[in-house]
Structure formats: C-alpha cells, structure tokens
1. In a solvent-free Debye calculation with one equal scatterer on each Cα, what is log10 I(q)/I(0) for the chain at q = 0.12 Å⁻¹, listed in the order of the q values?
2. Modelling each spin label as a point 7 Å along the Cα-to-Cβ direction, I'd like the D104/Y3 distance in nm, to one decimal.
3. Taking θ as phi - 60°, what are the ³J(HN,Hα) couplings along region 52-57 by the Karplus curve (6.51, -1.76, 1.60), each to the nearest whole Hz, with x for Gly and Pro?
4. Given the -39500 (n - 2.57) contribution per DSSP H run of 4+ residues, what per-residue ellipticity at 222 nm results for the chain, rounded to the nearest 500 deg cm²/dmol?
5. If I take R0 = 25 Å and measure r between the Cβ atoms of D122 and N84 in this structure, what FRET efficiency does the formula 1/(1 + (r/R0)^6) give, to the nearest 0.05?
6. Between A14 and A66, take the C-beta separation as r, use R0 = 22 Å, and let me know the FRET efficiency to the nearest 0.05.
7. Roughly how many Å is it from the Cα centre of region 56-112 to that of region 1-47, as a whole number?
8. What span do the alpha-carbon atoms of region 80-146 cover on each of the three principal axes, reported in whole Å from largest to smallest?
Amino acid sequence: MRYPRHHIVAPEAAGFFHCVSRCVRRAFLCGEDAYSGRSYEHRRAWVEERLLMLAECFAVELYAYAVMSNHVHVVLHVDPQAANDWSDEEVAERWVRLFPVYMDEVIDERLCREKAQRLQGDPERMVELRRRLGSLSWFMRCFLLR
C-alpha cells in the first residue's frame, strides 16, 4: 500500500530524499510507445525545465534526476529552515512564480505583483507559504501540476 509523502516525511524534516513519480495504465511520460507508435519525447525537456524551476522556488537543492519512459527519479535535499530565513517579499515572489495570475492564457505581471503584495500583508498566509515552500510533499505536488 502506498502512503502520501507527508505521512512518511514530517513537513519540518530536513534531509536527502529519493522520490519516484510513476505513470499508470501503460501511459508514457517520455520516449516512444512501441504499442501505439506515438512519441512522447517532447515531454523530457518539459520535465527537466519544471524540476529546475521548482528547485529555484522551493527550499530544495536538486542533486540528481532521471526521466524515464514512464517515471521520474529525483534526488534532492530539503531544508525547511531556509524558507524560514527568507523575507516576506521573497516568499511571496517565489509563491507567485509557482502560481502566477493568468489573463487570457498569458501571465499578467501587474496582477502577479498585486497578488504578491496581498500575500505579504497576511502574516498567517506567509507562515503557511513558508511551510509549503520547505515541504517535500508540496515540491512533488507542484511537480505534477500543469
């Protein structure tokens, strides 16, 4: 039986972790599906870009990763204390980079700045965002989004 990462690793735990995220039901992440003949190789660059972007936003150092045909291996170091050391402005900027505001399928920079300012004005929300930006569970959750 599988367990959610937040049940295995305490949110405040620092350390090195090896995570695996798999596709199910013969789905392909990358490579060529011999059964259907379709190529999913274009996704490899997307996966790499997404991991690198997330590592910039989270209190995480990405040590290694391998993108396979139906799964991804990630080796990283999580340091929740680093997120606690960031200023409110930095926390809000990182969060908005993860979850920008879109208008007509384009990122609206003005609305992103307004969102960051609203976040900075809410101390309880800032505590929650710091916790999330230092969380292994949230890192992997955000990897699977989009």
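1. -0.58
2. Here the modelled spin labels are 5.0 nm apart.
3. Rounded to whole hertz, the list is 5, 5, 5, 5, 6, 8.
4. Per the formula, -13500 deg cm²/dmol.
5. Efficiency computed from Cβ-Cβ geometry: 0.90.
6. The pair A14/A66 has a calculated efficiency of 0.40.
7. Comparing the Cα centres of region 56-112 and region 1-47, I get a distance of 17 Å.
8. Reported extents, whole Å, longest axis first: 36, 29, 16.
Where a number appears in this text, it was derived from the coordinates with a stated rule and is not lab data. Given the structure is predicted, the values throughout are model-derived calculations rather than measurements. Please note: Cβ atoms are built from the backbone with ideal geometry, for glycine as well, and neighbour counts cover all protein chains shown.
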